[in-house]
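Here is the structure we will look at.
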């Protein structure tokens, strides 16, 4: 009774339960066999067991040793003992996924031999990299740490490789950073040595001036003026001439002495600052610090992690039972031993339409009142008696249009009533075309046609996706981080790198270097030559930002060597482009400083000439001390021997000169000092701009270097075959449904 009730339910409840009850012994045998086979084929004889080892680590917050330890302005930098945040975690993940670490691990543990890959295999590198990526996994934990997981058939080897990868993080990051740090150290070293040489030259010039008698301009001028006043008071002409010669030398070389002295003082301060930078750059270029905190090290696993045999047994058993039930159910339906619920409903509907009760009910319907009024029938007894007509006769009358004209109206009404359930039946049938049972029946009916069409489509897809019709393409890629650049506006350095790599200059340079027009077989005389050329380039060259804030350059080409060389060329042209942008600005800055230095040099020379004229022609070259002595001689307040013999005439001449030119003297001395100081500062800025102008720097940290692929990446033939076959099957089924619909409607 229960089984009979199940028959009235849809397939996956009614037919499903019928199949289970009918084939329970078969299903039990299939389940037992599936369990046994899954246990056997999941054993170590068929599936190599893998052991898992895990390392959990945190990145450090600081990346620069000098800024963390030596710099005085390190208040804004991260402490070396702090854990890194999201940015450092993403950078570490990108480094772990780089081929720098992958190649070193493969080489150290000879993984090609360990994974039993023949060195003469056609796609040996592709297979090797796929094996590596499936057995080495890196991810970020929910606590912003980095988790390194390694699977291998040797538990000790898995632990060793996991721990080695954690150690390789430091050396890999240090290697990338030191490449940049050494360049920076060379720049600072050159600047430091240049400034030391300039200081030495100035010190040598100061030595020459000292040999000429200029030791300390201010003190000497004070002493010479005081002694000159004394000699003038004594009337010692020889002493006055001797002092006047010294004053002339002081007047001639006093300006250069002051300029050199102030410049030397400023240079020594600058040298002290640059020396600190020199030490920082030297430490960054030669020393190393760990870039990680290891939270959990890997250890030798005692239990395999793959495969999980009980899960394989459960899934295999359930899958086998499900497929068996589906196969038995389909067999029962196709053989006719079991009817689906939709077919039963249609049969019940047809039986109900043919029942005499429904026929009598349709025929026994009373005639509408308006018909009686229309004919003015005088016999009332005929109104009360229902008109009973034989069903077969009524149907014949409906089919026969040459029946009695007096019953035309009743015939039309009854015909409509009789046709209404037939239309409903057709609608139900058409709605059920898309039901699973009808689809199965249609597939069974047209199975040979479908097999032929799908088979031909698969064969054609295989043929037309072959190298004769679709040129296979190989992929090469690189992953890089920006370096030595600063954003121009609010964009990040990575976004700036993306914009420059996609610039028209780099595109044109790559197209020209590799003659991509000829390589892509584009006719230069074609009307839309440029459009097609750029379209092909951007179809084969993809530059995008990764989730770890790095930039990935992908190039597809029919030649694997060309693909790798194009990636390298893009990186080269990027460095060249950045260098050109920076050097154009440094050239403008250097030219500006050079013009400024020339103007200041001319200004200082003119001021020195004025100073020389004031000293030789008017005898004044130092306002404070000379004015003091002149006033003492003028007021005759000199003390000591010869105070009574003051040369009043010379005192009056110097006093007159001081009255006329003292303001100019003070102004010239101050201007010489100011111009000398600004000249030295401008010269340092100019030399810095010139160093950057002639520096040969790179502007990217390459995390993953491009390599020559040994397996094509496009097209994926099996995917094309599957998609084309499914599309052909679906399209054919749609046509079959329309054909069946037309047949049923006709």
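The values are calculated or read from the model by the stated rules, or taken from the named source; none is laboratory data. Computed from a predicted structure; not experimentally measured. For neighbour counting, all protein chains shown are included, and Cβ atoms are generated from backbone atoms with ideal geometry for every residue, glycine included.
Summary table
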read-out	value
Subset of region 728-739 [over 12 Å from residue 449 (Cα atoms) and in contact with a helix residue (DSSP H, G or I) (Cβ under 7 Å, 6 or more places away or on another chain)]	737
Subset tally (residues that are crowded, with 17+ Cβ neighbours inside 10 Å and closer than 15 Å to residue 291 by Cβ) for region 140-173	9
Selected residue [buried (at least 17 other Cβ atoms within 10 Å of the Cβ) and touching a strand residue (DSSP E or B) at 6+ places or on another chain (Cβ under 9 Å)] from 548, 586	548
Single match in 450, 439, 460 (criterion: out of contact with any strand residue (DSSP E or B) (no Cβ under 9 Å at 6 or more places or on another chain) and at pLDDT 90 or above)	460
Any hit, region 186-194, residues being farther than 30 Å from residue 687 by Cβ, assigned to a helix (DSSP H, G or I) and outside the structural domain of residue 483 (by TED's automatic domain parsing)	no
Any hit, region 468-475, residues being modelled with pLDDT of 90 or more, in contact with a strand residue (DSSP E or B) (Cβ under 8 Å, 6 or more places away or on another chain) and within 30 Å of residue 139 (Cα to Cα)	yes
Members of region 292-318 that are without any contact (Cβ under 8 Å) to a residue 24 or more places away in the chain and under 14 Å from residue 30 (Cβ atoms)	318
Any hit, region 641-648, residues being under 29 Å from residue 228 (Cβ atoms), at pLDDT 75 or above and surrounded by fewer than 19 Cβ atoms within 10 Å (Cβ to Cβ)	no
Scan of region 666-718 for residues that are closer than 29 Å to residue 540 by Cα and in a helix (DSSP H, G or I), ordered by number	717, 718
Hey, residue 571 buried (at least 17 other Cβ atoms within 10 Å of the Cβ), part of a helix (DSSP H, G or I) and in contact with a helix residue (DSSP H, G or I) (Cβ under 7 Å, 6 or more places away or on another chain) or not	no
Helices (runs of 4 or more DSSP H) wholly inside region 278-381 that include at least 1 residues being at pLDDT below 50 and surrounded by 14 or more Cβ atoms within 10 Å (Cβ to Cβ)	341-354, 356-363, 369-375
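Yes or no, residue by residue, for (1) out of contact with any helix residue (DSSP H, G or I) (no Cβ under 6 Å at 6 or more places or on another chain); (2) more than 28 Å from residue 494 (Cβ to Cβ); (3) surrounded by 19 or more Cβ atoms within 10 Å (Cβ to Cβ):
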| position | (1), (2), (3) |
| --- | --- |
| 666 | no, yes, no |
| 672 | no, yes, yes |
| 676 | no, yes, yes |
| 687 | yes, yes, no |
| 696 | yes, no, no |
| 699 | no, no, yes |
| 702 | yes, no, yes |
| 710 | no, yes, no |
| 718 | yes, yes, no |
